[in-house]
Structure formats: structure tokens, C-alpha cells
């Protein structure tokens, strides 16, 4: 795979290798399984720090491996996902209950398992989730979801609490599981793009871009410079409307009503700019394998964005001078650096807890190498730090769009298609508004054989409860808003 | 410390008065592709092959099911003769699912008189319970946008409500995933009668493109009775407003037999 140093291990070498990597401060990014006939290959992707290439550990076996969830806690969810959907067993897993396929539901044979051609169906009725029993005097249990108030994505919160204090909190996701990784099977590489755009609506560009880059790496396609620069503009416009939405929503939770109105209006203005530039408020239908489907008039976008930028920056500065708003953020939902590292935090959440990582800088893609930007970093790990990181990266996005528009040069926007390659593997990634997003694409006989999607919210949902245990109900909504999570990408 | 009340007043009114007058905010937004049979070369079917959701079929002549269209514009790019073109036609809400199907021999549909009478009694005030039955969050993003100062849904007397007990309309997005099927039905059952349902977004109308594989959903058909169907991927906020006003008999339906009448 591109930008990866590969190492093949046996099952018994796996645990010592993982312990070694953790000791060196290397970070697991994701894990997934690929079956070929009766053999499964489980792959672990590891960031080695800084700009060094990724490390890819491959372990072949017949469906039984030692669990690494004790040594590397963030792998717990990946292993449970593989147990649910790929029919791989992980021995001595500390949380061996289901993740994606709810208790009471089943899907047989496993859809990403060895029986590739078999038809299976997710069936049954979702029963109560496995969770620790919290037994003490006056403890109450509250189940909120999967349908919650307002216009929200489906997901279920479970709280055990006394008065205002939350003793234990657990989130049950995957109500929205649509089996999307399996849907890519046997499609032609170009056919995967509309599907990738619909994994997470507010991440349409980053998903499609990571997917396209993975296919381009697998097929050895070179994207023309103009397309690469336009891709930066699209990705940063997506960051812009997502971050304005974030601040609007955050103000709602701190009951700063006018602040909410300003934030959502700025979001709306960016979405209207998106529609004028691309025909889609979500910037869909532009990306394709090899570049863009059509040229975009990106030259003028810098000027358009400047008019929004001044207002946007004034708005952020006002938020920072509003004591009632800041009071609710400072010290709320603290995520210590070590927890962020162990449990897999990514994006603004990780950067607010002192983990200095940004895919745009560390593994540049599209045209980011040609542009200047800072990666904001804070250490406190509270809601305030998370919002500061987002504020700074919002300013960065405004600046990047102006820079990229200036650097646009005329030229083609799509690579000439190559003779279809029979076999190939590619890794694609983006730094989405919510953090690192990976696509691993395997191509066999010119068709998609396996596509693995790692969305940033899959990482951050796992981390979120660690900031809730022991906190109080009044802060919950604010803390959740400060994480800026989505469900669709996580559930797939 | 900033005086937010003063700032808000100084900023003035940002809301549009659309559809009465004022901008709809959708300049540049690409709607459903339009088909011109006059330019369609016989025996071509390039559009059929290009469509990722099977919305276009060629059984003798071209038929388009806009209830399956995700507005990806691939058919427009595939058509060699320009018989399919990009349009700004996005107000595609209809009362009858069949009105989303364009065939060469479209028959007039019967009006659903009873549900229309109920809907028009709610003209001045409508309360909506939204359920996400597995959407990609695109539709939610646009539904949330309805509450922003530009669209300001409240100006039309339309509100979201947390409890199905207070709701007149169940607005469903997403293809209805296996795990969301029961919560959705329970929400509908908890609503007082008369109750209405809107299938919003192409997923909720037909399941496309989420209608294949082990966790497929096929939209609301056969799960709860639907009063208004609104395809789009996602429908833009103005299309949502049009659909809500159509439900309330406050604006006319624009699409009949798959044809858009401005």
C-alpha cells in the first residue's frame, strides 16, 4: 500500500509487537479484515509520528487472533466490529459484546466474512445493550434515544445518575448502520464516488476525496495540479460551513440565542456560496477518480469568502469575550492527553488535548504541500480548548481558500483514464473537519474487492464517554456540542 | 463583553419572505435532470447505464422515477445528444408517489381528498416530529437550516416538537434501517390522529441508494402511510418549505406525472 511500510507477523508475534509500538509512542489508526478464500488477513494501520510513513502490520490466520484491546484500548471497537461483521474472533477481548449488530439482532453469515457471495440480512429486534450495572442507593437510569428531541441524528444515550451527577454514561450507536462497506463490493472504482459522498452528508467532500485518493493510489493515477488545488478549495469550504455550524450549535447549548443565529446564518451563507460554485450546497457531484468531473470557477471564490471572513472572525472574537458563554466551556469535559491517546481521539478533539497531528501537514494530499497553514494546538483538553482549536482552524480555512484561489492556474481537471489495472491496493486519507478519515481500497480484476472506511466520529465517539463519567447533567449538552460529533459516518 | 441583544437588533432581519416574495436562496443549486424525448436517440440507453440507483429504465421508451434520483447528474454527462439536461427544478414534493414517475404515457392520478381536507385544517400551525431513520445527515443538516435566520420556519407557523404526542406531522429521513424500523413505527403509533407523514429525501422515498445489501432500507412504502413524498439528495431548505406548504394546501404541487410545471 502507498505510503506504508509493511510488516507481516504471525499471530503469536502480534501482542509483543503492539506492546513495543505503544512503548515507542506510535499510534494505531485503524484495523480491518480482508478475507481471501478461507484465509483472513487482519491489517493494523499505525502512524509512526511526524511525517514518517505509516506502518502496516499484516497478520494472516484462519479467523482467530489474540485481542490487542488491553494493550491498545482504541482497538477495542475495531475488533468488535470485525467480530460482528467479518466473523473474526479475538481471544480474551475485555469487552466481547456486540458493537454494530445490536443485542437481539443478527446477520448471518457475516457480510464481510469468508462467504463473499452469500446473501445475508441484518434482522431481529434491537434489545437492551450490554452495560455495567450501577448499584447504589438512589441511582437512577435514564435512556434517551434513539429518537431524541429537535432535529438530531438517531443514537441512544444511557445514563446512570444520582441527582445531577452522572456516575456512568454509555452511548449506543449503529442504529443507522447501512452496511455501506459491503456495498462497495464489485463496483467499478468510479461507481464508488456517489456512495462515498453519501456516507456522511456533512463530510461529502472529505469522504469522496479520501476514496478517490485511495483509488488513484491503487491505480497509479496522477491528479492534474488545477484539480488538486480545487480539491483544497472544496475541502476547506466544507470545513468552513461545518465549523460555523459547530459554533451556532454550541451557542444553542450555552443558551446564547443571538450567537446561535449568527453562527447558523454564517453557515447558511457558506452553503449558498457552495451551491453557486458547484451546484450543490454539500459540494457533491464534483469529485471523481483522477480529478474533478468538471472545471469550477474557483478563481473568484477568494473574494466571495473575504466578505464572509470579516464577519466570521468578528463573530468568533465576540464569543471569546462573552463571559456567560466561556464560563460554561472552561473546565467542562476534560479529556486528559493520555486518555485522548489511548482511546483514539482525533482532529480538533485530539489537538485540544495536546496531540499534535494533522493529516494535511503530516501526510500532505491534494495541494496542501503548496500552501501555508498553522496547526492549532492546545493542552487543557476541556470544551474551551476544543472550541479554540476549531476557531483557529476556521480562520485557517478562510485563509487557505484565499491562498488556493490565488494559486489556481488554468489547466485540465481530470487525469486521462489509465488502462484498467487488474489488481491494486490504495490508502486514501483526509483531515476532515472532525479529524482523520481513512479509506483503504482493494481492487481485484478491475473491481472493488474490499473498501474499509474509518470516519473521524468512529474514533471520537469512543473517546467521548470518558469526559462524561463523573460530570454533571447540566454540562452534558455543552460537552457533546464541544466534541462536534456526527453519527452517520460512524454508523456507516 | 458584547451586547448580543443590541448586535442582533443592529443586524436587522435576515429572513426571506419566500415563497411570497424575496429570494429562495437556491441560486446555482442543481435540481432534478429534465428529459426531452425529442432529442433522445433510439436504442441508446447510455443514461440507464450511468444511473447509480436504477432511476432510469428503458423498456421500449425511457422512463424516469424521480423518487429514486439522487441528483448526481451522471445521466446528464452520459447523454450524447443532450436529451437530459441539468435544471433548477427542485420543488419536487408530491402527494402521490406515482407523480414522481415520468413515462411517455402518464395517466392522471386521483386526488386524495380526505387527507387534503385534514391537512388544510392545520394551515396556520403545524407541529413536526422528525425521525432520522438512517439518513446520511445531509437531510438533517438542511432541516436544521430551516431554523436559521434566513429561512426562519417559524414565520410560517411551522414548528418542530420533541414529543410525538404533540405532533401533526411525522417527517422521516433515511431509508429505514433494520434497527430504526421499530422506533419509527412506535413514534407513528404514539401520534394522535389525524396524523400525517412526509417521506423526505430520496432515501425515505424509495431507499435509493441505500436499498441494497444486508442492512438495506426501502423507504417508507409499506411501513407507514405517506401524505407527501419529497425526493432530493438532500432536498434543499426551500424544497422542504415547499413540501410543508404543499401539505398544508398553501401552495400548489408542481410535479405531475414526472413533469414539472413552474
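The values are calculated or read from the model by the stated rules, or taken from the named source; none is laboratory data. A quick note: this is a predicted structure, and the numbers were derived from the prediction, not measured. Don't worry about glycine lacking a Cβ; one is built from the backbone with ideal geometry, like all the others, and counts go over all protein chains shown.
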Among the residues of the stretch B:172-205, how many are closer than 27 Å to residue A:100 by Cβ and crowded, with 24+ Cβ neighbours inside 10 Å? 17
In the stretch A:175-190, the residues that are at the interface with chain B (Cβ under 7 Å from one of its Cβ atoms) and assigned to a loop (DSSP other than H, G, I, E, B): A:175, A:176, A:177, A:178, A:179
Just a yes or no: is a residue in the stretch A:386-404 assigned to a loop (DSSP other than H, G, I, E, B) and out of contact with any strand residue (DSSP E or B) (no Cβ under 9 Å at 6 or more places or on another chain)? no
Of the residues A:440, A:421, A:416, only one is farther than 30 Å from residue A:311 by Cα and assigned to a strand (DSSP E or B); which? A:440
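Mind listing just one residue for me: the one in the stretch A:151-169 that is in a loop (DSSP other than H, G, I, E, B) and within 14 Å of chain B (Cβ to nearest Cβ) and, of those, surrounded by the most Cβ atoms within 10 Å (Cβ to Cβ)?
Result: A:154.
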Please verify whether residue A:68 is away from every other protein chain (no Cβ under 14 Å), surrounded by 21 or more Cβ atoms within 10 Å (Cβ to Cβ) and in a loop (DSSP other than H, G, I, E, B), treating the condition exactly as stated. yes
Checking the condition assigned to a helix (DSSP H, G or I), more than 7 Å from chain B (Cβ to nearest Cβ) and touching a helix residue (DSSP H, G or I) at 6+ places or on another chain (Cβ under 9 Å), which residue from A:266, A:283, A:296 passes? A:266
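Residue check: is residue A:277 more than 8 Å from every other protein chain (Cβ to nearest Cβ), touching a residue at least 12 places away in the same chain (Cβ under 8 Å), part of a helix (DSSP H, G or I) and surrounded by 19 or more Cβ atoms within 10 Å (Cβ to Cβ)? Spell out the reasoning first.
Numbers: more than 8 Å from every other protein chain (Cβ to nearest Cβ): no; touching a residue at least 12 places away in the same chain (Cβ under 8 Å): yes; part of a helix (DSSP H, G or I): yes; surrounded by 19 or more Cβ atoms within 10 Å (Cβ to Cβ): yes.
It is false that residue A:277 is more than 8 Å from every other protein chain (Cβ to nearest Cβ), touching a residue at least 12 places away in the same chain (Cβ under 8 Å), part of a helix (DSSP H, G or I) and surrounded by 19 or more Cβ atoms within 10 Å (Cβ to Cβ).
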Please indicate, with yes or no, whether at least one residue in the stretch A:11-20 is in a strand (DSSP E or B) and either out of contact with any helix residue (DSSP H, G or I) (no Cβ under 8 Å at 6 or more places or on another chain) or surrounded by fewer than 21 Cβ atoms within 10 Å (Cβ to Cβ) (or both). no
Out of A:416, A:440, I need the residue that is buried (at least 24 other Cβ atoms within 10 Å of the Cβ) and farther than 30 Å from residue A:330 by Cα. Which one? A:440
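Of all the residues that make up the stretch B:18-44, how many are assigned to a loop (DSSP other than H, G, I, E, B) and either over 30 Å from residue A:315 (Cα atoms) or touching a residue at least 60 places away in the same chain (Cβ under 8 Å) (or both)? Reasoning before the result, please.
As a first pass, look at the stretch B:18-44 and keep what is assigned to a loop (DSSP other than H, G, I, E, B): B:18-33, B:36, B:40-44.
Filter again for either over 30 Å from residue A:315 (Cα atoms) or touching a residue at least 60 places away in the same chain (Cβ under 8 Å) (or both), leaving B:18-20, B:24-26, B:29-33, B:36, B:40-44.
Residues in the stretch B:18-44 being assigned to a loop (DSSP other than H, G, I, E, B) and either over 30 Å from residue A:315 (Cα atoms) or touching a residue at least 60 places away in the same chain (Cβ under 8 Å) (or both): 17 in total.
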Considering the stretch A:314-340 alone, what residues qualify as being out of contact with any helix residue (DSSP H, G or I) (no Cβ under 6 Å at 6 or more places or on another chain) and more than 14 Å from chain B (Cβ to nearest Cβ)? A:331, A:334, A:336, A:337, A:338
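Tell me, which strands (runs of 3 or more DSSP E) wholly within the stretch B:146-251 include 2 or more residues that are farther than 18 Å from residue A:179 by Cβ, within 19 Å of the chain's Cα centre (by Cα) and more than 13 Å from chain A (Cβ to nearest Cβ)? Break it down stepwise before answering.
Working: elements: B:158-160, B:169-173, B:196-200, B:228-230.
Result: B:196-200, B:228-230.
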Test of understanding: among A:205, A:232, A:193, which residue is more than 9 Å from chain B (Cβ to nearest Cβ) and closer than 24 Å to residue B:204 by Cβ? A:205
So residue B:87, is it surrounded by fewer than 19 Cβ atoms within 10 Å (Cβ to Cβ), at pLDDT below 90 and within 26 Å of residue A:191 (Cα to Cα): no
Do we have any residue at all in the stretch A:185-192 that's farther than 22 Å from residue A:113 by Cα and in the same structural domain as residue A:368 (by TED's automatic domain parsing)? yes
Within the stretch A:122-138, can you find the residues that are surrounded by fewer than 14 Cβ atoms within 10 Å (Cβ to Cβ), more than 14 Å from chain B (Cβ to nearest Cβ) and touching a strand residue (DSSP E or B) at 6+ places or on another chain (Cβ under 9 Å)? A:132, A:133, A:136, A:137, A:138
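Restricting to the stretch A:368-383, name every residue that is over 26 Å from residue A:273 (Cβ atoms) and crowded, with 21+ Cβ neighbours inside 10 Å. Give the derivation first.
Here is the first cut: in the stretch A:368-383, the ones over 26 Å from residue A:273 (Cβ atoms) are A:377-383.
Correct list: A:381, A:382, A:383.
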Restricting to the stretch B:90-102, count the residues that are within 12 Å of chain A (Cβ to nearest Cβ) and either over 14 Å from the mean Cα position of the chain (by Cα) or at pLDDT below 90 (or both). 0
For a quick check of your reading of the model, give me the residue pairs whose first member lies in the stretch A:55-75 and is on the phi > 0 side of the Ramachandran plot and at pLDDT 95 or above, whose second is surrounded by fewer than 22 Cβ atoms within 10 Å (Cβ to Cβ) and in a loop (DSSP other than H, G, I, E, B), with beta-carbon atoms closer than 6 Å and at least 6 apart or on different chains. none
Anything in the stretch A:443-485 that is more than 23 Å from residue A:330 (Cα to Cα) and assigned to a loop (DSSP other than H, G, I, E, B)? List them, or say none. A:445, A:446, A:455
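Looking only at the stretch A:98-112, decide whether some residue is outside any loop (DSSP other than H, G, I, E, B) and free of Cβ contacts under 8 Å to residues at least 40 places away in the same chain.
Yes: the stretch A:98-112 contains one or more residues that are outside any loop (DSSP other than H, G, I, E, B) and free of Cβ contacts under 8 Å to residues at least 40 places away in the same chain.
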Residue count, the stretch A:87-97 (criterion: assigned to a loop (DSSP other than H, G, I, E, B), surrounded by fewer than 23 Cβ atoms within 10 Å (Cβ to Cβ) and at negative phi): 5
Would you confirm whether or not the stretch B:35-52 contains a residue that is more than 14 Å from chain A (Cβ to nearest Cβ), in contact with a strand residue (DSSP E or B) (Cβ under 8 Å, 6 or more places away or on another chain) and closer than 25 Å to residue B:239 by Cα? yes
